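Trainee: I am attaching a structure below and will ask some questions about it afterwards.
The values are calculated or read from the model by the stated rules, or taken from the named source; none is laboratory data. Small disclaimer: the values here were computed from a predicted structure and weren't measured. Note that we place each Cβ from the backbone using ideal geometry, even for glycine, and neighbour counts take in every protein chain shown.
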Amino acid sequence: MTRLAMLFIVALPCAALAAGSFTLESAEVKPNSIIAEAQVFKGFGCEGGNVSPSLTWKNAPAGTKSDFGKPGYGGPCPPKGDKPHRYIFTVYALKVDKIDADENASAAMVGFMINANKIDKASFTATYGIK
């Protein structure tokens, strides 16, 4: 079974929202590409740069609020020899300024709160494997 990693990011408010599809892009990670070593985790046997890719989004839905919470990035680091894993980068447009979850909340609770307050989401997928 392919393991999936999701990056939860909440859309920032936009001064003016253009019409069109809610989209997510990265200068460093392109959809359906192989993730570069710069974004790979450094640890657990991986020797990447663990640099968070820049993410930009366009056309956030009207009513989008903002709250991300804790800073940080942990890049991909699949087991050596596994086939490349898929990583899904997702940004969520929320209707609240802050979800009701603190730093001790479980991933399940955060996911529930995001989905309960979601207006829309935009995603792309990239892969990474260690030979």
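Trainee: Does any residue of region 82-92 turn out to be in contact with a helix residue (DSSP H, G or I) (Cβ under 8 Å, 6 or more places away or on another chain) and either in a loop (DSSP other than H, G, I, E, B) or at pLDDT 90 or above (or both)? Step through it out loud before you land on a result.
Mentor: Of the residues in region 82-92, the ones in contact with a helix residue (DSSP H, G or I) (Cβ under 8 Å, 6 or more places away or on another chain) are 92.
Narrowing further to those that are either in a loop (DSSP other than H, G, I, E, B) or at pLDDT 90 or above (or both): 92.
Yes, region 82-92 has at least one match.
Trainee: Take region 87-116 and flag every residue that is of a type in the set (S, T, N, Q) and either closer than 29 Å to Gly129 by Cα or touching a Pro at 6+ places or on another chain (Cβ under 9 Å) (or both).
Mentor: Going residue by residue through region 87-116, those that are of a type in the set (S, T, N, Q) are 90, 104, 106, 115.
Residues satisfying the conditions are Thr90, Ser106.
Trainee: Looking at this structure, is Ala126 surrounded by fewer than 15 Cβ atoms within 10 Å (Cβ to Cβ) and either modelled with pLDDT of 95 or more or not polar (S, T, N, Q) (or both)? Break it down stepwise before answering.
Mentor: Working: surrounded by fewer than 15 Cβ atoms within 10 Å (Cβ to Cβ): no; either modelled with pLDDT of 95 or more or not polar (S, T, N, Q) (or both): yes.
Taking the combined requirement at face value, the residue does not satisfy it.
Trainee: Right, another one. If I go through region 1-35 residue by residue, how many of them are under 15 Å from Thr125 (Cβ atoms) and modelled with pLDDT of 80 or more?
Mentor: 12
Trainee: Let me ask another. Given the structure, is Ile114 over 24 Å from Ser26 (Cα atoms) and surrounded by 16 or more Cβ atoms within 10 Å (Cβ to Cβ)?
Mentor: In short, no.
Trainee: Do we find that Ala93 is under 17 Å from the mean Cα position of the chain (by Cα) and either under 27 Å from Cys46 (Cβ atoms) or touching a residue at least 24 places away in the same chain (Cβ under 8 Å) (or both) in this structure? Break it down into steps so the answer makes sense when it comes.
Mentor: Numbers: under 17 Å from the mean Cα position of the chain (by Cα): yes; either under 27 Å from Cys46 (Cβ atoms) or touching a residue at least 24 places away in the same chain (Cβ under 8 Å) (or both): yes.
Yes, satisfied.
Trainee: Filter region 47-66 down to residues that are surrounded by fewer than 18 Cβ atoms within 10 Å (Cβ to Cβ) and hydrophobic (A, V, I, L, M, F, W, C) and give me whichever is nearest to Gly81 (Cα to Cα).
Mentor: In this case the residue turns out to be Val51.
Trainee: Mind checking whether some residue in region 43-53 is closer than 18 Å to Thr23 by Cα, under 15 Å from the mean Cα position of the chain (by Cα) and polar (S, T, N, Q)? Break it down stepwise before answering.
Mentor: Looking only at region 43-53, we keep the residues that are closer than 18 Å to Thr23 by Cα, and these are 53.
Filter once more, keeping what is under 15 Å from the mean Cα position of the chain (by Cα): 53.
Filter once more, so that each one left must be polar (S, T, N, Q): none.
The answer is no; no qualifying residue exists.
Trainee: While we're on this one: Could we say that Ile119 is over 15 Å from the mean Cα position of the chain (by Cα) and in a strand (DSSP E or B) here? Step through it out loud before you land on a result.
Mentor: On the way: over 15 Å from the mean Cα position of the chain (by Cα): yes; in a strand (DSSP E or B): yes.
Yes: the conditions hold for Ile119.
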